[in-house]
Amino acid sequence: MSLRLGALRIGHCPDPDDAFIFYALTHGKVRVEGVELTPVLEEIELLNRRALAGEVELSAISAAAYPQVAERYRILESGAALALGSGPILVGKDTIPPEEIPERVVAVPGQYTTATLLLKLYLGDDLPIIVVPFDKIPKVVLEGQADLGLLIHEGPITYEALGLTKVMDLGERWFQETRLPLPLGVNVVRRDLGEDLGRKLSEAVRASIRYAQRHRDEATDYALRYGRGMDAETCRRFIEMYVNDYAMSLGDEGRQALRYLYRRADGAGLLRAPDLDII
């Protein structure tokens, strides 16, 4: 399949980790012959919805969203966000007894996010939730519009400085249960691009990560533009949490984690487990 220049869109979040991963690929440091990539920067739930509509050729999406788009997209071996012993956290203005959580309104970052799927797995599918852009959740909780907030991205690092209290650590709970990394996000490529271009794009994402790691200061300075006020040290810590060995390659452990997540959610009636199709 041939593409005209400028035709291929690459979706990622305006976050330090995604900016770090895609810096080289979106700034001409790494190229895919015959293709010009156009970045589409949007928060993760909007990227999930774009993938549902098949609007972006290559995109970061929530791992929990993949079953909804599996007929149209394949998972890339490279660029995934898997956390080991960390992940989304549930916060409030004060500590709340665990037995009271199911009765409280929770602000979540999106219907299709992995964080929301985990919340339902651990606390049930009938929780009263409201969907709020992820970066507005702390404010919504502090102002009392929701009792609890489900924080993703840098939230698990910065929540204390915002005056919030951790009520439940979903990433820690996942690790204690599974001893596996938590698959939060994956990169996907549209099937209609074909096998050859799909493989080239997967390798290009891996090459982009390698470039950022070899030119860490340069890539981190760029990532700081999307740090939402975080200092350089916090930004580096955030990047290191998610741009790890699993970002270079899912490997056997990453595949095992994805399969477990989908089987567990399928068993709970929350989604239908897809066949893993990784390129």
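The values are calculated or read from the model by the stated rules, or taken from the named source; none is laboratory data. Note that this is a predicted model, so its numbers are computed, not measured. Glycine gets a Cβ as well: all are built from the backbone with ideal geometry, and neighbour counts include every protein chain shown.
Where residues in the range 163-201 are closer than 16 Å to I89 by Cα and of a type in the set (A, V, I, L, M, F, W, C), which of them is surrounded by the fewest Cβ atoms within 10 Å (Cβ to Cβ)?
Selected residue: F175.
Among residues belonging to the range 45-73 that are within 22 Å of D266 (Cβ to Cβ) and hydrophobic (A, V, I, L, M, F, W, C), point out the one that is surrounded by the fewest Cβ atoms within 10 Å (Cβ to Cβ).
Looking at the filtered set, the residue picked out is L52.
Would you point out which residue out of R225, R263 is part of a helix (DSSP H, G or I), modelled with pLDDT of 95 or more, surrounded by fewer than 16 Cβ atoms within 10 Å (Cβ to Cβ) and in the same structural domain as A60 (by TED's automatic domain parsing)?
Sole residue among the options that is part of a helix (DSSP H, G or I), modelled with pLDDT of 95 or more, surrounded by fewer than 16 Cβ atoms within 10 Å (Cβ to Cβ) and in the same structural domain as A60 (by TED's automatic domain parsing): R263.
I'd like the full set of residues that are surrounded by fewer than 20 Cβ atoms within 10 Å (Cβ to Cβ), in contact (Cβ under 8 Å) with a residue 60 or more places away in the chain, of a type outside the set (S, T, Y) and touching a helix residue (DSSP H, G or I) at 6+ places or on another chain (Cβ under 9 Å), limited to the range 242-255.
M248, E253
Kindly provide the set of residues from the range 145-162 that are touching a residue at least 24 places away in the same chain (Cβ under 8 Å), surrounded by fewer than 19 Cβ atoms within 10 Å (Cβ to Cβ) and out of contact with any strand residue (DSSP E or B) (no Cβ under 8 Å at 6 or more places or on another chain), ordered by number. Please lay out each step first, then the result.
From the range 145-162, those touching a residue at least 24 places away in the same chain (Cβ under 8 Å) are 145-159, 162; that's our starting set.
The next check asks that each one be surrounded by fewer than 19 Cβ atoms within 10 Å (Cβ to Cβ); those that pass are 145, 157-158, 162.
If the condition is that a residue be touching a residue at least 24 places away in the same chain (Cβ under 8 Å), surrounded by fewer than 19 Cβ atoms within 10 Å (Cβ to Cβ) and out of contact with any strand residue (DSSP E or B) (no Cβ under 8 Å at 6 or more places or on another chain), then I157, T158, L162 are the ones that fit.
Report the residue count in the range 82-100 for those that are over 21 Å from K136 (Cβ atoms) and touching a residue at least 40 places away in the same chain (Cβ under 8 Å).
First, pick out the residues of the range 82-100 that are over 21 Å from K136 (Cβ atoms): 82-86, 95, 97-100.
Within this subset, residues satisfying the condition of being touching a residue at least 40 places away in the same chain (Cβ under 8 Å) are 82-86, 95, 98.
Matching residues across the range 82-100 total 7.
Using beta carbons and a limit of 9 Å, which pairs, at least six apart or on different chains, have the first residue in the range 267-279 and under 14 Å from A65 (Cβ atoms) and the second one among the hydrophobic types (A, V, I, L, M, F, W, C) and part of a loop (DSSP other than H, G, I, E, B)?
Correct list of pairs: P274/A70.
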